[in-house]
Amino acid sequence: ARGMAVSDEWRVAWTAAAALSMAGSAFVLGSYAFLRQLRSLAYVQIVALLSLCDALLSTPFLFECSTKHRSTCQLEAAFVSFFALGSILWSTSVSRLLHIV
């Protein structure tokens, strides 16, 4: 069975959003890696892990899932599901930490 066709405008929008998300995540992770004074703060470590999770979540949206290879689409779906849940859990950790502080 053939999947739903996605218009080129949506594909461009998804790719642009994924690229912007990865750029923001790269900025946060780069700041965490190169600014040593940030590493000692607990909340910055959690934000860095959230950024890593968001970057990995954005990765599948940069590529088109081929309808010819079902296993590739299933792997992409598993990847998105795992890192979407991880992103939600890290966001919950950040909000809990802010609530405690």
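Please state the relative contact order of the chain as a whole percent: Cα pairs under 8 Å, 6+ residues apart?
30
Projecting each Cα onto the charge dipole of the chain (Lys/Arg +1, Asp/Glu -1 at the beta carbon, about the Cα centre), which of Phe83, Leu20, Val101 comes out farthest on the positive side?
Checking the options against the dipole of the chain, the answer is Val101.
For Ser95 and Ala16, compute 0.36 nm times the residue count separating them, minus their Cα-Cα distance, and round to one decimal in nm.
Net length gain for the segment: 25.7 nm.
At 1.4 Å probe size, with no ligands or nucleic acids counted, give the accessible surface of Cys65 in Å², nearest ten.
Accessible area, nearest 10 Å²: 40 Å².
With +1 assigned to the C-beta of every Lys and Arg and -1 to the C-beta of every Asp and Glu, and no other charges, what is the dipole magnitude of the chain about the Cα centre in debye, to the nearest 20?
Dipole magnitude for the chain comes out near 240 debye.
Report the residue, chosen from Leu35, Leu56, Leu75, that carries the largest GNM mean-square fluctuation when the chain is represented by alpha-carbon nodes joined by springs under 10 Å.
Greatest mean-square fluctuation among the candidates belongs to Leu35.
Can you compute the FRET efficiency between Ala84 and Leu38 using 1/(1 + (r/R0)^6), with r the Cβ-Cβ distance and R0 = 25 Å? Round to the nearest 0.05.
Efficiency, rounded to the nearest 0.05: 0.45.
Top mean-square fluctuation among Leu29, Leu50, Leu85, Gaussian network model of the chain, C-alpha springs under 10 Å?
Evaluated over the chain, the most mobile residue of the options is Leu85.
Evaluate the Kirkwood expression for the hydrodynamic radius of the chain, namely the inverse of the mean inverse distance over all pairs of different C-alpha atoms, and round to one decimal in Å.
Details: mean 1/r = 0.0657 Å⁻¹.
Radius from the Kirkwood sum: 15.2 Å.
For the chain, with a Gaussian network of springs between Cα atoms less than 10 Å apart, report the residue from Thr59, Thr72, Thr15 with the top mean-square fluctuation.
Thr72
Extension gain Glu9-Ser31, at 0.36 nm per residue separation less the Cα-Cα distance, in nm?
Between Glu9 and Ser31, full extension yields an extra 4.6 nm.
Could you work out the helix-only [θ] at 222 nm for the chain, with each DSSP H run of four or more residues adding -39,500 (n - 2.57) and the total divided by the number of residues, to the nearest 500 deg cm²/dmol? Please report the intermediate quantities before stating the final value.
Working: 3 runs with 75 residues, N = 101.
Rounded to the nearest 500, it is -26500 deg cm²/dmol.
Would you please name the chymotrypsin sites (Phe, Trp or Tyr not before Pro) within region 57-89 that are DSSP coil residues with at most 14 other C-beta atoms within 10 Å of their C-beta?
On the way: sites: Phe61, Phe63, Phe79, Phe82, Phe83; in loops: Phe63.
Passing both the DSSP loop test and the Cβ count: Phe63.
The values are calculated or read from the model by the stated rules, or taken from the named source; none is laboratory data. Just so it is clear, the model here is predicted, and its values are computed rather than measured. All Cβ positions, even for glycine, are placed from backbone atoms using ideal geometry, and neighbour counts span all protein chains on display. With ligands, DNA and RNA removed, areas are computed over all heavy atoms of the protein, side chains included. Shrake-Rupley method; radii C 1.70, N 1.55, O 1.52, S 1.80 Å.
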